[in-house]
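The values are calculated or read from the model by the stated rules, or taken from the named source; none is laboratory data. Please read these numbers as outputs of a predicted model, since none were measured by experiment. As a convention, Cβ positions derive from the backbone with ideal geometry for all residues, glycine included, and neighbour counts pool all protein chains shown. The area values use the complete protein model at the heavy-atom level, side chains included, leaving out ligands, DNA and RNA. Shrake-Rupley method; radii C 1.70, N 1.55, O 1.52, S 1.80 Å.
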Amino acid sequence: MQARSALFDLYGDHLRPRGGAAPVAALVRLLAPLGIAAPAVRTAVSRMVRQGWLQPVKLPDGAGYRLTLKAVRRLDDAAARIYRTERLGWDGKFDLIVVTLPTERAERNKIAADLAFLGYGALDGGTWLSPRPAPEIDALLTDTGVRYERFTAEHFAGAGGAAALVRRAWDLEALGEAYAEFIAAQQPIVRLAAEVSDEVAYAARFRLVHAWRTFLFQDPQLPPALLPERWAGATAAAFFDRHAGRLRPAADRFVDTCLSED
């Protein structure tokens with residue numbers, strides 16, 4: 001687990017609900033159970049400041065770092081998708097985007113990663129679609145400076161044709177296998193004895209959420225009409241909800257303890 005990625009998880013899952021700020025010492029204490037050393041934490045914090053995700057702030061317990069507005073928006077969106085707090089319907093239409101991609105590979109890869117995070121799948125190198133428009137899509141593409149056009153599209157063949165189109169944009173078979181692998185990998189981590197410490201429960205839950213968060217870049221949360229029957233993602237979501245909820249009280253106690261220490 002990389003320090004920068006763990007910090008995003010820490011702020012998004014624990015610190016955002018507590019005001020979105022923490023002293024450096026607390027960040028170090030909270031990532032220590034994940035095997036992340038203090039120098040790596042400080043280096044990752046500095047990097048996130050340069051990238052506009054964190055900003056320095058003076059706290060009662062000393063120097064600390066607070067989420068920027070950009071980070072708050074991104075993490076709140078991620079939390080809504082991780083815990084599925086929004087009811088996602090589908091009106092039978094797609095948001096279709098045709099992008100003139102830059103020549104630099106790094107820039108193309110960044111655009112592709114950002115579009116995937118927002119729930120868009122690629123029909124080809126420059127054509128992307130989503131079953132629902134992302135509110136920030138125009139701002140994202142405008143900031144990158146690329147030329148693009150957007151359309152609202154409805155498949156002539158209805159849900160059947162739309163499902164076939166979706167299978168071109170996303171490898172649902174591979175995604176289903178990834179969900180099955182997620183359950184298999186996490187089962188031995190979350191099976192804890194009843195008397196384990198809050199720190200152990202926190203670390204287990206942190207790893208569970210960290211692994212689940214990777215699906216933000218893989219799963220566009222397609223409506224049931226476009227998914228295979230007995231979708232593995234539904235089974236994995238139920239597994240995640242059960243264990244994330246069960247481990248939450250102990251994890252919260254550990255976080256509060258770390259934040260209250262001098």
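Explain nothing, just the number: dipole magnitude of the range 7-88 about its Cα centre with +1 on each Lys and Arg Cβ and -1 on each Asp and Glu Cβ, in debye rounded to the nearest 20.
The dipole magnitude comes to about 200 debye.
Of the listed peptides 46-53, 21-28, 113-120, 8-15, what is their order by residue-averaged count of other C-beta atoms within 10 Å, with the highest listed first?
My ranking of the peptides, most packed first, is 8-15, 21-28, 113-120, 46-53.
Could you state the number of Å between the C-alpha centres of the range 190-208 and the range 88-116?
Cα centres, the range 88-116 to the range 190-208: 38 Å.
Charges only on Cβ, +1 for Lys and Arg, -1 for Asp and Glu: so what's the dipole of the chain about the Cα centre, in debye to the nearest 20?
On the way: 33 positive and 31 negative charges, 85 e Å.
Charge dipole of the chain: 400 debye, to the nearest 20.
Amide H to amide H under 5 Å from Leu54: which residues, 5+ apart in sequence or cross-chain, H placed 1.01 Å off N in plane?
The answer is Val49, Thr68.
Ignoring ligands, DNA and RNA, what percent of the 1.4 Å accessible area of the chain is carbon and sulfur?
For the chain, the apolar C and S fraction of the accessible surface comes to 54 percent.
Expressed as a rounded percentage, what relative contact order does the chain have, with Cα pairs under 8 Å and six or more residues apart?
With pairs under 8 Å counted, the relative contact order is 21 percent.
Can you give me the accessible area per residue for the chain, using a 1.4 Å probe, in Å²?
About 52 Å² of surface per residue is accessible.
Divide by every residue of the chain the summed helix terms, -39500 (n - 2.57) for each DSSP H run of at least 4, and state the resulting mean residue ellipticity at 222 nm, rounded to the nearest 500 deg cm²/dmol.
Value at 222 nm, helices only, nearest 500: -17000 deg cm²/dmol.
Mind checking which of Pro228, Ser260, Gly245 is farthest towards the positive end of the range 222-262's charge dipole, using Cβ charges of +1 (Lys, Arg) and -1 (Asp, Glu) about the Cα centre?
Most positive-ward Cα: Pro228.
Counting other Cβ atoms within 10 Å of each Cβ, which GluC sites (Glu not before Pro) in the range 44-127 have at most 14 and sit in a DSSP loop?
Glu86, Glu104
Once you order the gyration tensor axes a ≥ b ≥ c over the Cα atoms, which shape class does the range 112-152 get: rounded for a/c under 1.5, otherwise prolate or oblate by comparing a/b with b/c?
Judged from the Cα gyration tensor, the range 112-152 comes out rounded (a/c under 1.5).
Are there chymotrypsin sites (Phe, Trp or Tyr not before Pro) in the range 185-262 that DSSP marks as loop and that have at most 11 other Cβ atoms within 10 Å, and which are they?
Answer by residue number: there is no such site.
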